[in-house]
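A short write-up of the structure that comes next.
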Amino acid sequence: MDDQSHLLEEVRRGMIPAHIYNDEEVFRLERERLFSRAWVFVGHESEIPQPGDYVVRRVLEDSFIVARGEDHQVRALFNMCLHRGMQVCRAEMGHASHFRCPYHGWSYRNDGRLVGLPFHKEAYGGEAGFRRKSQTLLPAPALDTYNGLIFVSMDPDAPPLRDYLGDFAFYLDYYTRQSPSGIELRGPQRWRVKANWKIGAENFAGDMYHTPQTHTSVVEIGLFREPKAEKRKDGCTYWAGNGGGTTYKLPPGTLEERLRYVGYPDVMIERMKQVWSPEQLDLVGHDGFMVSAASVFPNLSFVHNWPRVEDSDDVLPFISIRTWQPVGPDETEVLSWFAVDAEAPEEYKALSYKAYLMCFGSTGMFEQDDVENWVSLTSTAGGSMARRLLLNSRMGLLEDDATVVPPLPPERFSGPGEAYVGYGEYNQRHLLRRWADYLERPAESAERIHVGRGGKAVTA
Amino acid sequence: MTSARARQRPTGNGGPYSAESALGGHAPALQRTGRSLPFSDERHLQAHHWLVEEAYLLDAQHYDEWLDLLTDDIHYLMPVRVSTALGAGYDSAPGMAHFDENKYSLSRRVARFATEHAWTEDPPSRLRHYVTNVRTFATEDPGHVVVDSAVLLYRSRGDVREAAVVSAGREDLLRRASDGEGWLLARRTILVDDAVLRTQNLAIFL
Ligand code: FES
Ligand SMILES: [Fe+2]
């Protein structure tokens, strides 16, 4: 990247070389320097509630079995047999006490330990030739959870997840902790789009500006109570720690009235009052902001909205969690889950699921138009003309870098971080600035593991 | 979740998917009886004709007319398929679908396409629904038949983008219209053949 350091400088000024959205070289650096270090979301504990439950998830090309062992502990095991490298588990989800490799029959417990090695004595001379004891499928270098969200990092020295999230954890609770039991996830829907992964992450982080244009149609068909999509500019965007998002401004009222306005039933409101801090409650009840879309660097996003799901005036909220999983510079696999408070009434869960399907995911009426834009942007970014173009991502900034509007003072915004009312690309800049920081730092070589032999070696 | 896991090996076409959806409570529960009807059977000929006419409406995106072919209690379901071990007893994500629709939500989707701001279909896709492998079954009610079919959707957008192909099996429950003329769709289960869809969205119907 040394010859591209000017590129990172431009990004830091809020000017985006258009080709970063479709460039082999940039993608190679993202793989080597970003996805090799950052915390990446792979699933939620509610997807594997019982010992033996597992799901298989990827971080770029690396497949991991995310399994709950008999000891109830969640692990992410690299899905490669220690013998000749066959994929040990070829299902996407299921329940198993052991995984048996189909090639030569080595078998592993669901905590990764190698327990079965056919003809260990005859073929290897037993422990003397191959140390079976203490061999396990390679665990992800780091694994950590927050509110049941499971993240892995390819960096064994990754900071604790809570430190990585920083003050964004404050906002994460609105999506993932509405009661002491937290959320449960369903899904994911998965589909591949010919779009660069950064576009979705940036959009969810802070693009309130696209709503009135891109999403005109959903407002026109009466999916929302507010008759005008321009309402978005009354909300604010915030950035805190390693993530940021957008909010809507709610009409005046008490905390309860405002939560009822977005469709939460009183039983759920009571539990929110139990688990959220005074500041978390004040952001809604006092300041009148309700979280909507958000992203955690690099590729995890959230959305919370409250459409009509029936021919009535009532609205109902839903939450979606998704990752923008890079496949290549011009292709992304979207994994989109529906999330709901585990303690919510069953009828609420059903209707919230319906709200999700109508708005987001593979069939969502919002999402349909978003993706169309991102695909077309990506294909345009792949040519030589795009290399001449520096896109302006400075919305909200004046020429001298002063902000167009001042940040919200603490008495009008109770959350941590920095928040601005109205349209701005503050969060897209935050996200890409972090991206630049990662891409600048050369990758370190990883430790190598010698299967079945004593000792470990480090690559030169 | 438990009921899905306890289920016997999936049939690959049809089955109790509708009943297992949290939103399928209103769906008519009638199931097929016996073997498929002879191809010469009047009911089979009518069902096949119905599917071909419907495919034309979907290709041409005449969605208002299509909506008129659906009963008011329709359940339109497209589960999310997952790869599971043989013998796992389920082949779709518990509690999750791509489509899990009633008449109201389908009508909103159709209404959206009728606005001038549904960008994903402006310019419109060129669509072709190929319908084949049609088998018709009687049910316990002479006013209903179950129809299995295979559908292949070819969706081409713009000039140089690669076209998307979606392959699926469908199980439909057709109900004789109250005036005795023709049939209406009362339940559809779409079993898509991909776990990861290779189309940018499902701004189409199958
Ligand atoms: S590769 Fe797995 S047992 Fe040989
Ligand atoms: Fe959007």
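For region A:41-61, indicate whether the set of residues that are hydroxyl-bearing (S, T, Y), over 25 Å from A:T176 (Cβ atoms) and out of contact with any Ser or Thr (no Cβ under 7 Å at 6 or more places or on another chain) is non-empty.
To start, the set of residues in region A:41-61 that are hydroxyl-bearing (S, T, Y) comprises A:46, A:54.
Restricting the remaining residues to those that are over 25 Å from A:T176 (Cβ atoms) gives none.
No: zero hits.
Any residue at all in region A:330-346 that's closer than 27 Å to A:R308 by Cα, within 16 Å of ligand 2 (Cβ to nearest atom) and open to solvent by less than 40 Å² (accessible area, probe 1.4 Å)? If you could, list the steps in order and put the result at the bottom.
In the first step, residues of region A:330-346 are kept if they are closer than 27 Å to A:R308 by Cα; the result is A:334-346.
Going one step further and asking which of them are within 16 Å of ligand 2 (Cβ to nearest atom), we end up with A:334, A:336.
If we keep only those that are open to solvent by less than 40 Å² (accessible area, probe 1.4 Å) too, we end up with A:334, A:336.
The answer is yes; a qualifying residue exists.
Yes or no: A:H19 away from chain B (no Cβ under 14 Å), more than 30 Å from B:P94 (Cα to Cα) and within 16 Å of ligand 1 (Cβ to nearest atom)?
Considered against the rule, which asks whether it is away from chain B (no Cβ under 14 Å), more than 30 Å from B:P94 (Cα to Cα) and within 16 Å of ligand 1 (Cβ to nearest atom), A:H19 comes out as no.
Please work out which residue is nearest to the other protein chains (Cβ to nearest Cβ), limiting yourself to region A:304-324 and to residues that are hydroxyl-bearing (S, T, Y) and open to solvent by less than 10 Å² (accessible area, probe 1.4 Å). Spell out the reasoning first.
The first filter runs over region A:304-324 and keeps only residues hydroxyl-bearing (S, T, Y), leaving A:312, A:320, A:323.
Filter once more, keeping what is open to solvent by less than 10 Å² (accessible area, probe 1.4 Å): A:320, A:323.
Numbers: A:S320: 11, A:T323: 13 Å.
Within region A:304-324, the match that is nearest to the other protein chains (Cβ to nearest Cβ) is A:S320.
So for region A:379-399 (the condition being within 13 Å of chain B (Cβ to nearest Cβ) and part of a helix (DSSP H, G or I)), does at least one residue qualify? Walk me through it before giving the result.
Just the residues of region A:379-399 that are within 13 Å of chain B (Cβ to nearest Cβ), to begin with: A:379-380, A:382-383.
From the residues that got through so far, the ones that are part of a helix (DSSP H, G or I) too are A:379-380.
Yes: region A:379-399 contains one or more residues that are within 13 Å of chain B (Cβ to nearest Cβ) and part of a helix (DSSP H, G or I).
From the list B:G95, B:G158, pick out the single residue that is facing chain A (nearest Cβ under 10 Å), more than 30 Å from B:H44 (Cα to Cα) and surrounded by fewer than 14 Cβ atoms within 10 Å (Cβ to Cβ). So that I can check it myself, show each step before the final result.
On the way: B:G95 fails: surrounded by fewer than 14 Cβ atoms within 10 Å (Cβ to Cβ).
None of the others qualify; the one that does is B:G158.
Quick test of your reading of the structure: B:E116 fulfils all but one of (1) surrounded by 13 or more Cβ atoms within 10 Å (Cβ to Cβ); (2) among the acidic types (D, E); (3) closer than 30 Å to A:E220 by Cα. Name the failing condition by number.
(1)
Suppose we keep only residues that are open to solvent by 20 Å² or more (accessible area, probe 1.4 Å) and among the aliphatic types (A, V, I, L, M) within region A:1-55. Which one would you say is modelled with the lowest pLDDT?
Taking the candidates together, the pick is A:M1.
With respect to B:E65, determine if the residue is part of a helix (DSSP H, G or I), out of contact with any helix residue (DSSP H, G or I) (no Cβ under 8 Å at 6 or more places or on another chain), among the acidic types (D, E) and more than 13 Å from chain A (Cβ to nearest Cβ).
Values: part of a helix (DSSP H, G or I): yes; out of contact with any helix residue (DSSP H, G or I) (no Cβ under 8 Å at 6 or more places or on another chain): no; among the acidic types (D, E): yes; more than 13 Å from chain A (Cβ to nearest Cβ): yes.
Considered against the rule, which asks whether it is part of a helix (DSSP H, G or I), out of contact with any helix residue (DSSP H, G or I) (no Cβ under 8 Å at 6 or more places or on another chain), among the acidic types (D, E) and more than 13 Å from chain A (Cβ to nearest Cβ), B:E65 comes out as no.
Of a type in the set (F, W, Y), over 19 Å from the mean Cα position of the chain (by Cα) and more than 11 Å from chain B (Cβ to nearest Cβ), is that true of A:F289?
Details: of a type in the set (F, W, Y): yes; over 19 Å from the mean Cα position of the chain (by Cα): yes; more than 11 Å from chain B (Cβ to nearest Cβ): yes.
Here the answer is yes, as A:F289 does meet what is asked.
Take region A:62-81 and flag every residue that is away from chain B (no Cβ under 14 Å) and either within 16 Å of ligand 1 (Cβ to nearest atom) or modelled with pLDDT under 95 (or both).
A:L77, A:F78, A:M80, A:C81
Name the pairs: first residue in region B:54-80 and closer than 12 Å to B:E101 by Cα and aromatic (F, W, Y), second residue open to solvent by 10 Å² or more (accessible area, probe 1.4 Å) and at pLDDT 95 or above, Cβ to Cβ under 8 Å, at least 6 apart or on different chains?
B:Y76/B:N102
What number of residues within region A:435-449 are in a loop (DSSP other than H, G, I, E, B) and at pLDDT 90 or above?
Matching residues across region A:435-449 total 2.
This table checks each residue for (1) open to solvent by 50 Å² or more (accessible area, probe 1.4 Å); (2) under 30 Å from A:A419 (Cβ atoms); (3) among the polar types (S, T, N, Q).
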position	(1), (2), (3)
A:M93	no, no, no
A:H120	no, no, no
A:Y124	yes, no, no
A:F130	no, no, no
A:F168	no, yes, no
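Check region B:161-170 and report whether any residue there is open to solvent by 40 Å² or more (accessible area, probe 1.4 Å) and in a loop (DSSP other than H, G, I, E, B).
The answer is yes; a qualifying residue exists.
Hey, any hits in region A:185-198 for a residue that's surrounded by fewer than 17 Cβ atoms within 10 Å (Cβ to Cβ) and either modelled with pLDDT of 95 or more or out of contact with any Ser or Thr (no Cβ under 7 Å at 6 or more places or on another chain) (or both)? Talk me through it step by step, then tell me what you get.
Within region A:185-198, the first condition is being surrounded by fewer than 17 Cβ atoms within 10 Å (Cβ to Cβ), and the residues that meet it are none.
There is no residue in region A:185-198 that is surrounded by fewer than 17 Cβ atoms within 10 Å (Cβ to Cβ) and either modelled with pLDDT of 95 or more or out of contact with any Ser or Thr (no Cβ under 7 Å at 6 or more places or on another chain) (or both).
Of the numbered conditions (1) in contact with a strand residue (DSSP E or B) (Cβ under 7 Å, 6 or more places away or on another chain); (2) open to solvent by 20 Å² or more (accessible area, probe 1.4 Å), A:G396 satisfies every one except a single condition; which is it?
Failing condition for A:G396: (2).
What is the one condition in (1) modelled with pLDDT of 95 or more; (2) farther than 25 Å from A:V375 by Cβ that B:A85 does not satisfy?
Unmet for B:A85, out of (1) modelled with pLDDT of 95 or more; (2) farther than 25 Å from A:V375 by Cβ: (1).
Quick one: would you say B:S105 is within 10 Å of chain A (Cβ to nearest Cβ) and over 28 Å from A:Q87 (Cβ atoms)? Write out each step before concluding.
On the way: within 10 Å of chain A (Cβ to nearest Cβ): yes; over 28 Å from A:Q87 (Cβ atoms): yes.
It is true that B:S105 is within 10 Å of chain A (Cβ to nearest Cβ) and over 28 Å from A:Q87 (Cβ atoms).
With the condition kept exactly as written, say whether any residue in region B:20-37 is over 23 Å from B:G182 (Cβ atoms), of a type in the set (A, V, I, L, M, F, W, C), buried (at least 19 other Cβ atoms within 10 Å of the Cβ) and at pLDDT 90 or above.
Restricting attention to region B:20-37, the residues satisfying the condition of being over 23 Å from B:G182 (Cβ atoms) are B:20-25, B:34-35.
From what is left, the residues that are of a type in the set (A, V, I, L, M, F, W, C) are B:22-23.
Restricting the remaining residues to those that are buried (at least 19 other Cβ atoms within 10 Å of the Cβ) gives B:23.
Subset that is at pLDDT 90 or above: B:23.
Scanning region B:20-37 turns up at least one residue that is over 23 Å from B:G182 (Cβ atoms), of a type in the set (A, V, I, L, M, F, W, C), buried (at least 19 other Cβ atoms within 10 Å of the Cβ) and at pLDDT 90 or above.
Answer yes or no as to whether A:Y175 is touching a strand residue (DSSP E or B) at 6+ places or on another chain (Cβ under 6 Å) and away from every other protein chain (no Cβ under 14 Å). Spell out the reasoning first.
Details: touching a strand residue (DSSP E or B) at 6+ places or on another chain (Cβ under 6 Å): yes; away from every other protein chain (no Cβ under 14 Å): yes.
For A:Y175, the condition - touching a strand residue (DSSP E or B) at 6+ places or on another chain (Cβ under 6 Å) and away from every other protein chain (no Cβ under 14 Å) - is met.
Do we have A:L316 as assigned to a helix (DSSP H, G or I), touching a residue at least 12 places away in the same chain (Cβ under 8 Å) and under 25 Å from B:R109 (Cα atoms) here? Reasoning before the result, please.
Details: assigned to a helix (DSSP H, G or I): no; touching a residue at least 12 places away in the same chain (Cβ under 8 Å): yes; under 25 Å from B:R109 (Cα atoms): yes.
Criteria not met by A:L316.
Mind counting the residues in region B:68-85 that are away from chain A (no Cβ under 12 Å), outside any strand (DSSP E or B) and surrounded by 14 or more Cβ atoms within 10 Å (Cβ to Cβ)?
Residues that pass the stated criteria total 1.
Taking the stated definitions as given, is A:F224 in contact (Cβ under 8 Å) with a residue 12 or more places away in the chain, crowded, with 16+ Cβ neighbours inside 10 Å and within 14 Å of chain B (Cβ to nearest Cβ)?
The answer is yes for A:F224.
Being at the interface with chain B (Cβ under 10 Å from one of its Cβ atoms), modelled with pLDDT under 95 and under 30 Å from A:R33 (Cβ atoms): is that true of A:V371 here?
Working: at the interface with chain B (Cβ under 10 Å from one of its Cβ atoms): yes; modelled with pLDDT under 95: yes; under 30 Å from A:R33 (Cβ atoms): yes.
Yes: the conditions hold for A:V371.
Do the conditions hold for A:V327, that is, is it under 19 Å from the mean Cα position of the chain (by Cα), open to solvent by 10 Å² or more (accessible area, probe 1.4 Å) and within 12 Å of chain B (Cβ to nearest Cβ)?
Values: under 19 Å from the mean Cα position of the chain (by Cα): yes; open to solvent by 10 Å² or more (accessible area, probe 1.4 Å): yes; within 12 Å of chain B (Cβ to nearest Cβ): yes.
Answer is yes for this residue.
When region A:82-126 is examined, which residues are found to be in contact with a Leu (Cβ under 7 Å, 6 or more places away or on another chain) and away from ligand 1 (no atom under 13 Å from the Cβ)?
A:G112
The values are calculated or read from the model by the stated rules, or taken from the named source; none is laboratory data. Source: prediction; values computed, not measured. Every residue, glycine as well, gets a Cβ built from its backbone with ideal geometry; the counts of neighbours run over all protein chains shown. For the accessible areas, the whole protein counts, side chains as well, though only heavy atoms, and no ligand, DNA or RNA atoms are used. Shrake-Rupley method; radii C 1.70, N 1.55, O 1.52, S 1.80 Å.
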